[in-house]
Amino acid sequence: MRTRVIGVFALMSLLLTALWLILLIVTLASAGTFETFEQQVDYLARQGALFYFTYLNATLLTIVVAMLFVGLYLVVRPIHPVWAAMGVVWVPVYALLNLFAYLSQVTIVPGLLAVRGVQDAAMVDVLLRQAVQQWSGSAVWALNNLGYAVLGIPSIIFGALLLYRPGALRWAGVLLALSGIASIVGFGGIIAASATASLGSIAGEVLFLVALIPLSIGFLRWPVVVET
């Protein structure tokens, strides 16, 4: 396999991540802040095509990032097979957690909203409080952040192994490892209820986005054949 393919997936990840951040900013700007869960539910009940597009984009991003990390595994495996295996084993866990988090927003949440006025509203609200990914403190919100923390493990491992590569890939390795550390610290902050430490999750996403730039350049500019 030529590593140019990995560069393509890195570039796709970069574009999809940038689109995800743009959609998130647009959503937050239009929604404002929610002081109560009732305001959050009312906002969700009014969402249309943009809401679905946002989460379908996030779903596609999760799949592409998972494939990117499998590609990175193939690159580092010939020289560091044990560390490569230790890193890639966490990728399916990340993918499953985030696929559930994002797809549940366009499947489970609309279903709960639809029966809210028909079934026991109190019970439905309990389920919604745990199912809404945008509601800080919900179960799905926690799983989403856990998914990025899990991705932090292969990010650190593969990032460290890319430090031995020349040029842009070395910088990609530094940024990838830092993004992994930040994501893990961020999830630790969520567990410890530390507002400062929990910002690591946001920092991890930004660092990951930046890391995709030299990663794309490195693999697209200097493709080599790796053993598959």
Criterion (touching a helix residue (DSSP H, G or I) at 6+ places or on another chain (Cβ under 6 Å) and among the polar types (S, T, N, Q)) met by exactly one of Ser179, Ser136
Ser179
Breaking point among (1) in contact (Cβ under 8 Å) with a residue 24 or more places away in the chain; (2) aliphatic (A, V, I, L, M); (3) out of contact with any helix residue (DSSP H, G or I) (no Cβ under 7 Å at 6 or more places or on another chain), for Ala95
(3)
Region 147-225: helices (runs of 4 or more DSSP H) wholly inside it with 2 or more residues that are surrounded by 21 or more Cβ atoms within 10 Å (Cβ to Cβ) and at pLDDT below 95 are 168-191, 200-221
Suppose we filter Val88, Val124, Val93 for residues that are touching a Lys or Arg at 6+ places or on another chain (Cβ under 6 Å) and either within 30 Å of Ser155 (Cα to Cα) or among the β-branched types (Val, Ile, Thr) (or both); which single one remains?
Val124
Helices (runs of 4 or more DSSP H) enclosed by region 40-132 - at least 3 residues per element that are within 27 Å of Thr27 (Cα to Cα)
49-76, 91-106, 108-115, 121-131
It is to be established whether one or more residues within region 24-39 are of a type outside the set (Phe, Trp, Tyr), part of a helix (DSSP H, G or I) and crowded, with 19+ Cβ neighbours inside 10 Å.
no
Taking only pairs six or more apart or across chains, which ones have beta-carbon atoms under 9 Å, a first residue in region 201-228 that is within 27 Å of Gly188 (Cα to Cα) and β-branched (Val, Ile, Thr), and a second residue that is at pLDDT below 90 and in a helix (DSSP H, G or I)?
Val206/Leu21
By residue number, the members of region 112-142 that are within 15 Å of Phe100 (Cα to Cα) and of a type in the set (Gly, Ala, Ser) are Ala131, Ser138, Ala139, Ala142
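The values are calculated or read from the model by the stated rules, or taken from the named source; none is laboratory data. Quick caveat, the model's predicted, so the values are computed rather than measured. Reconstructed Cβ throughout: ideal geometry from the backbone, glycine too, with neighbour counts over all protein chains shown.
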